[in-house]
Amino acid sequence: MAISVALKGSLSYSMRAFLALTILTLFSIPCLAQYNFEIQPFTAYKFGGGANVGANVLGVSRINVDSSISYGATATYNFAEHLGVEFLWDRQPTNATANYVGGGSLPTKVGLKMDQYQGNFLMSLTGHGSKIEPFVLLGAGASNMRGAGSSTTKFSSGLGGGVKYFMTPHLGLRFQARYTPTYAYTSRGGIWCNWWGVCWSVPNNHFINQGEVTGGVIFRF
C-alpha cells in the first residue's frame, strides 16, 4: 500500500512537472522565434546613373539612365541578435538616353526596365527586438535590363544603411539609403609596370552608378 501511494505520488509529481515543462516550452517557442522573419514591400526613388561608351559607329559617347520611382520587396531572416540576411527584388521602370561625342543627345528616349535581384547581409546596431533599430547592409547580385527588344543581365552590388521603427512588435516602418552600382562593361585601361620591369594590361571597369532612397512597411513574425 505504501509503495502504491508513493508511486502514485511520484507519478502525480512527474505529470505535473511534465505539464509545466510542456506549457513553458510552448510559450517560449514564439519568444525564441518572434523576431526571426521580416517581409517588407517598399516604394523608392532611384537616382539615375550612366556609363561612358567606347568608340562606335553611332558616335554615342555615353548612355544615361533617368531618375525615377521604383518599387519592390525584401524578405529577411534574422539568424542572430545583430545579424540577418535578406533577398531583395527592386524594379525601376525608366528611360535611357544617349549623348553624342560632339555634344547633344538623342532626341528619342528608350523605355527601360531594370530588375535587381540581390542577397543582402544586414547588421543591426541595437539588436533585433528594439523599437528603433538602425542598421547597415552590404549586398550583391544581378541586374536585368530590358528595353528596345533586347535584354542583358549584369553583376550589381549594394551598400547602404537605414533605420527600422516598430509601432508594435510585429509592425513597423523601414527607411534606408543605398548606393547600388551595376557593372556595364570592361575596356582596356592601359599598361602598368612594376619596379622589376614586369608589365601587364590593366582593365578599366565601367559601372552604372545609382543611388536609391526607400520607405516601406515591415511585417515581422
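For this structure, a couple of remarks:
- Selection status of Gly84, assigned to a strand (DSSP E or B) and under 16 Å from Arg220 (Cβ atoms): yes
- Within the range 160-201, the set of residues being outside any loop (DSSP other than H, G, I, E, B), among the hydroxyl-bearing types (Ser, Thr, Tyr) and touching a residue at least 24 places away in the same chain (Cβ under 8 Å) comprises Tyr165, Tyr179, Thr182, Tyr183, Tyr185, Ser187.
- Filter result for the condition that a residue is touching a Lys or Arg at 6+ places or on another chain (Cβ under 9 Å) and either closer than 21 Å to Gly149 by Cα or not aromatic (Phe, Trp, Tyr) (or both), over Ala98, Ala75: Ala98
- Residues in the range 164-214 that are among the polar types (S, T, N, Q) and within 18 Å of the chain's Cα centre (by Cα): 6 in all.
- The number of residues in the range 128-159 being of a type outside the set (Lys, Arg), loosely packed, with under 13 Cβ neighbours inside 10 Å and not in a strand (DSSP E or B) comes to 2.
- Every pair of residues 6+ apart whose Cβ atoms lie under 7 Å, when the first sits in the range 133-152 and is in the same structural domain as Asp90 (by TED's automatic domain parsing) and at pLDDT 95 or above while the second is basic (Lys, Arg) and crowded, with 19+ Cβ neighbours inside 10 Å: Glu133/Lys164; Phe135/Lys164
- The residue that is surrounded by the most Cβ atoms within 10 Å (Cβ to Cβ), counting only those in the range 168-191 that are touching a Ser or Thr at 6+ places or on another chain (Cβ under 8 Å) and among the aromatic types (Phe, Trp, Tyr), is Tyr183.
- Checked across the range 40-57, the condition of being at pLDDT 85 or above and in contact with a His (Cβ under 9 Å, 6 or more places away or on another chain) holds for at least one residue.
The values are calculated or read from the model by the stated rules, or taken from the named source; none is laboratory data. Quick caveat: nothing in here was measured; it's all calculated off a predicted structure. All Cβ positions, even for glycine, are placed from backbone atoms using ideal geometry, and neighbour counts span all protein chains on display.
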